[in-house]
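Where a number appears in this text, it was derived from the coordinates with a stated rule and is not lab data. Fair warning: this is a prediction, and the values are worked out from it, not measured in the lab. Please note: Cβ atoms are built from the backbone with ideal geometry, for glycine as well, and neighbour counts cover all protein chains shown.
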Amino acid sequence: MERLIERGLFASRWFMAPMYVGLVGALAVLLYTFGAELVHLAMKFRTLTADDAVLGVLSLIDISLAGNLILIVIFSGYENFVKKIELEDTSDRLAWQGTVDFAGLKLKLVASMVAISGIHLLKIFMDIEKYQSGEIMWMVIIHLVFVLSGVFLALMDLISANSKATRSLLPK
């Protein structure tokens, strides 16, 4: 009975696979959004001010960073929680693929969120007259929460790694 339960629990990891496929769909939505934003920017390139051009490019960067975030979650999540991706042609394999563990995944996610938040904040600062001071304050606070979360996650991982290294040095 115990072996049957354990096999069932282990097989349940495959319930995550459709979620990763769904994230591929979300990536397609971002691609469409990116294309629409690029066309919108290109259509008015003759009348763009420098600030409008920078804001448009920042929007494109924002979307591409969100796409990168989705790819990190898809590949790392699938390989960490479902199954290692085995490709016949390994020359096309991403350099970080298969090397990002759960701790690394957390840090990459938070770093991506900080970058996306920072770019969003930069877009706001470029067009600051459109926003009320209360809105700006909350956006800065949220960005700082992301930054502090990343710092604390990195510190927790460092403490955990040091703790494991110290335990491995102790006599058994």
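What Kirkwood hydrodynamic radius, in Å, does the chain give when the mean of 1/r is taken over all pairs of distinct Cα atoms and then inverted?
Evaluated on the chain, it is 19.6 Å.
Viscosity 1.002 mPa s, temperature 20 °C: Stokes-Einstein D of the stretch 10-57 from its Kirkwood Cα radius, in µm² per second?
162
Excluding residue 62 itself, what net charge comes from residues whose Cβ is under 15 Å from its Cβ, given Lys and Arg +1 and Asp and Glu -1? Write down the numbers at each step before the final one.
Details: positive: 123; negative: 37, 127.
Surrounding charge for residue 62 is -1.
Whats the longest run of the chain with zero chymotrypsin sites (Phe, Trp or Tyr not before Pro) that are DSSP loop and have at most 14 other Cβ atoms within 10 Å?
1-95
Taking the Cα centre of the chain as origin, sum charge times position over the Cβ atoms of Lys and Arg (+1) and Asp and Glu (-1), and report the length of that vector in debye to the nearest 20.
Values: 15 positive and 16 negative charges, 129 e Å.
That gives a dipole near 620 debye.
Residues with beta-carbon under 14 Å from that of residue 10, excluding residue 10: net charge, scoring Lys, Arg +1 and Asp, Glu -1? If you can, show how the numbers build up before the last one.
Numbers: positive: 3, 7, 13, 83; negative: 2, 6.
Here the count lands on +2.
With a 10 Å cut-off between alpha carbons and a GNM built on the chain, which of 87, 48, 155 moves the most?
So, out of 87, 48, 155, the one fluctuating most is 87.
Just want the answer: with Cβ charges of +1 for Lys and Arg and -1 for Asp and Glu, which residue in 57, 70, 124 is farthest toward the dipole's positive end in the chain?
The Cα lying farthest towards the positive end belongs to 70.
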